[in-house]
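My questions will all concern the structure given below.
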């Protein structure tokens with residue numbers, strides 16, 4: 001992973017730190033035990049269980065490296081700072097041309113969860129909203145064409 005900044009809320013950083021702790025102290029031990037037991041099942045050259053657990057170990061070690069890099073490159077989003085423009089950490093309510101209203105919180109890509117209203121600053125909608133003010137319109141290119149969103153509220 002590069003040294004690209006990873007924008008996180010304070011809560012997101014705590015979650016990543018907890019995930020890393022779990023992966024290193026619990027999951028790593030579990031996978032090592034699985035490998036030990038798979039080795040005991042006989043010849044490892046034709047042992048599917050051993051291959052599966054080695055793949056699991058590789059995935060685990062990759063995730064540990066990724067989470068460590070994310071924590072190392074973390075830049076905390078100041079969610080409490082009041083601004084009159086949409087920025088990282090802003091909660092913005094938008095209305096589309098059909099009158100449908102949606103509320104989003106702009107977060108870094110590591111914490112994006114559209115089902116919970118948390119969109120990435122790197123997503124098309126997030127990019128289109130950044131820097132806009134209440135009453136302004138953002139245009140977003142989507143597969144079905146262009147989406148127009150009017151900013152109704154910002155906090």
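The values are calculated or read from the model by the stated rules, or taken from the named source; none is laboratory data. Since we're looking at a predicted model, the values are computed, not measured. As a convention, Cβ positions derive from the backbone with ideal geometry for all residues, glycine included, and neighbour counts pool all protein chains shown.
Could you please let me know if residue 62 is within 19 Å of the chain's Cα centre (by Cα) and at positive phi?
So residue 62 does not fit the description; no.
Right, here's the next one. When the residues of the stretch 136-155 are filtered to those that are surrounded by 10 or more Cβ atoms within 10 Å (Cβ to Cβ) and in a loop (DSSP other than H, G, I, E, B), which remaining residue is modelled with the highest pLDDT?
Filtering first and then ranking leaves 136.
Turning to a different aspect of this structure: List every residue pair whose Cβ atoms lie under 6 Å apart, where the two residues are 6 or more positions apart in sequence or sit on different chains, the first residue falls within the stretch 58-80 and is within 18 Å of residue 121 (Cα to Cα), and the second residue, located anywhere, is surrounded by fewer than 15 Cβ atoms within 10 Å (Cβ to Cβ).
Once the first residue is within 18 Å of residue 121 (Cα to Cα) and sits in the stretch 58-80, its partners that are surrounded by fewer than 15 Cβ atoms within 10 Å (Cβ to Cβ) give 73/3; 73/5; 75/5; 76/10.
Within the stretch 1-94, which helices (runs of 4 or more DSSP H) (wholly inside it) include 1 or more residues that are at pLDDT below 90 and surrounded by 16 or more Cβ atoms within 10 Å (Cβ to Cβ)?
Fully inside the stretch 1-94 and qualifying: 28-39, 48-72.
In addition: Please state which of the following conditions residue 99 fails to meet, knowing it meets all the rest: (1) within 23 Å of residue 7 (Cα to Cα); (2) part of a loop (DSSP other than H, G, I, E, B); (3) free of Cβ contacts under 8 Å to residues at least 40 places away in the same chain.
(1)
Residues are listed down the side, and each one gets a yes or a no for (1) touching a strand residue (DSSP E or B) at 6+ places or on another chain (Cβ under 6 Å); (2) within 23 Å of residue 19 (Cβ to Cβ):
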residue: 70; (1), (2): yes, yes
residue: 84; (1), (2): no, no
residue: 110; (1), (2): yes, yes
residue: 127; (1), (2): no, no
residue: 133; (1), (2): no, no
residue: 139; (1), (2): yes, no
